[in-house]
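Novice: The following block contains the structure, expressed as structure tokens.
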Amino acid sequence: MPVLPFLYLSVTMQHTSRQLEIQAEELPQRSSLFRLVLESVATLAIAVILFRTFAAEGYMISTGSMAPSLLGYHKQVTCPRCHYSFTYGVAYDDSVSTNRIQDPAADGQGFQQAGQYATCPNCDTNSIDLAQVPRNEGDQLLVFKHAYYLKPPERWDVAVFQNPMKPTQAYVKRVVGLPGEAVQVKDGDLYINGEIQRKDLKTQRAVRLLVHDHRFEPSEDDFFQPRFFPVEADSEQAQKQPGSAAWQEQPAGFVYASDSNDNDADAWSWVRYQHWMRQGGHYQTEVPLEKWPEEIEKPEPVLAAIQYDELKQRLSCKGAMPAEDCHRLLNQTEDDAFRYAVALLYEKSHVAPVLDRYAYNSGVENQTAIPVHDFLFACDLQVKSPAGELVIELFDGQHHFRNIIDFKQRQINLFIDDRTQPIRTGPLRSDFRSQPVKLEMSVMDRQALFAINGELAYQPLLFSKNSEQREEIRIPLQFGARGGTFQLTNVKLFRDIHYTRGKALHGVDEPYQLDQSSYFMLGDNSPVSLDSRSWADGKVDQKYLLGKPFLVHLPSRQGEVKIGDQIGHIRIPDFTRIRYIH
């Protein structure tokens, strides 16, 4: 017992002695730590200054001429029906007409403010109120200043350059015409020296625009008709091959399961894409009708939304027929032929041509939407049996392209129209059963290609334009299967940029010849982009090139802050949007 107090006293004295030693050393250590932090901050500041001076510099985009690839001032919108998130531009070049006067806060900034209602690009829900949606700043680009001293720009590069008319102002566009070339925009495509320019797969991904994402289907909306839907087998096919497997729709995609390993045992089962529209539109739809009922007054020529051509015996309407018009006509007569024609016209009129519409440009007035013909289909494929065939078919208004993956023969074949012999063939290398693979098929710029996990399956097929006018496309895609078991997820349809006329000052009605030191620039958001088509001088001399943007850095979003009953927004980082630029 006497020992314990002594040991305690000894330990206490030693502990007190060490505390005094530590306190004596703290002053120089704290001073050293402060100096280290100060030197680190100074070194970082110097490094940033040197980096910006000699290597890279940051720029922020204000307008939407490169959207949706690169964003200007915008609002991030979530559709209330399908919950798909998209961007809506709120700032455009001065040349763009908008449905609202310029924002007073933007005076002198060289852009106009757009309206306050958006349309969902995925399910066509319109009049989405944006009054309470906060505005986001544009993308901030990190630009490699000396990229073009080391290597000249290539076609499809994104470039930052000075406005030749106002050198203090910087523009960002895509390089499409190179020194010495003759450039022309024609039928939505780019021509150089009279030859159409085709994008590789990487560039197609960079510029593609979403048409529909199957993962986002409207919920609690009985009126909406699915754009991707399994096609029922007709009665003749069902009799020939009873019990054939069919596609089943799931929230994540589609599943096909067959008990047969024989490709010929089953009939082809299909999932089709129809470009269903909720309302509106300026396209024409018609159906045959032999005779207009006598008991119904004929519609006024031109003025009425529904028309009847007695000579051609065609019933037609403009845009999607409203349900009330359909019901009104059906209730006015017992004529079965007429009632059938009206019901058919109503159904067909809601399947519209795919147009070059941009959700980003919803607030811009007087846009002339043009039918498009270039598409890219993407999905993830999981194969659960080593047999069967999977086919993807795209239509460009002129040709049907069918890409068939034969898992039994380990081969990929491309067919065109009704030809029975493949026009392209490639081996099936991937092991589909170990994990899902990414499939991509595109028909863009008069070129058909197919890729598995980003690797081309065969040499792309190049084809030329014929003299016939391409038809409007309302059903651009279908995919099918027979035999085997497949699951397709992340099913998406995209379209290509359709280059418009702009002001048509250069390179539209006739080729524009570039000199040996100049470039031709176009924006990805062609309907609203002020670029080489519309400038007083269509070329950009190489001396005005500032560099190549390679990174979207420090993107932001609006975070909600609630204090009492007041709700405000503050700018916070959005790390999900940091990405490299192609």
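Bear in mind that the values in this text are calculations on the coordinates, not laboratory data. As the structure is a prediction and not an experimental result, all values here were calculated from the model. Positions of Cβ are generated from backbone atoms using ideal geometry, with glycine treated the same way; all protein chains shown enter the neighbour counts.
Novice: Long-range amide H contacts for Ala457: which residues qualify at under 5 Å (H placed 1.01 Å from N, peptide plane, sequence gap of 5 or more or a different chain)?
Specialist: Phe450, Ala451, Ile452
Novice: So what are the ³J(HN,Hα) numbers for region 501-515, from phi and the Karplus equation (6.51, -1.76, 1.60; θ = phi - 60°), rounded to whole Hz, Gly and Pro as x?
Specialist: 7, x, 7, 6, 7, 9, x, 10, 6, 8, x, 10, 8, 8, 7
Novice: If you consider only alpha-carbon coordinates, what radius of gyration and Dmax does region 474-516 have, in Å?
Specialist: 20.8, 58
Novice: Can I ask one more? Of the DSSP beta bridges with both residues in region 284-349, give the percent that are antiparallel, rounding to the nearest 5. The partial results should precede the final answer.
Specialist: Details: 9 of 9 bridges.
Antiparallel bridges make up about 100 percent of those DSSP assigns within region 284-349.
Novice: If the reach is capped at under 27 angstrom between alpha carbons, list the lysines near Lys384, excluding any in the same chain fewer than eight residues apart.
Specialist: Within reach: Lys240, Lys408, Lys438, Lys492.
Novice: I need the P(r) histogram for region 471-568: all alpha carbon pairs, bin width 10 Å from 0 out to the longest distance, whole percents.
Specialist: 10, 22, 21, 19, 18, 8, 1
Novice: Rg and Dmax of region 284-349, using alpha carbons, in Å: what are they?
Specialist: 10.5, 27
Novice: Per-residue HN-Hα couplings for region 183-194, Karplus 6.51 cos²θ - 1.76 cosθ + 1.60 at θ = phi - 60°, whole Hz, x for Gly and Pro?
Specialist: Per residue, the Karplus-derived 3J(HN,Hα) values read 10, 8, 9, 8, 6, x, 10, 9, 10, 10, 6, x Hz.
Novice: Using the Cα centre as the reference, give the magnitude of the dipole from point charges on the C-beta atoms of region 113-175 (Lys, Arg: +1; Asp, Glu: -1; all else neutral), rounded to the nearest 20 debye.
Specialist: Working: 7 positive and 6 negative charges, 89 e Å.
Dipole magnitude for region 113-175 comes out near 420 debye.
Novice: Give me a comma-separated list of calculated 3J(HN,Hα) values for region 565-572, in order, Karplus coefficients 6.51, -1.76, 1.60 applied at θ = phi - 60°, integers in Hz, x for any Gly or Pro.
Specialist: Couplings: 8, 8, 10, x, 9, 10, 7, 10 Hz.
Novice: With a sphere of radius 12 Å drawn around the Cβ of Asn490, what net charge do the other residues whose Cβ falls strictly inside it have (Lys, Arg +1; Asp, Glu -1)?
Specialist: Counting the neighbours of Asn490, the net charge comes to 0.
Novice: In a shell of Cβ-Cβ distance under 13 Å around Arg328, excluding Arg328 itself, what net charge do Lys and Arg (+1) and Asp and Glu (-1) give?
Specialist: Values: positive: Arg339; negative: Glu297, Glu324, Asp325.
Charge balance near Arg328 sits at -2.
Novice: How much net charge surrounds Ile572 when only other residues with a Cβ under 11 Å from its Cβ are counted (Lys, Arg +1; Asp, Glu -1)?
Specialist: Summing Lys/Arg as +1 and Asp/Glu as -1 gives 0.
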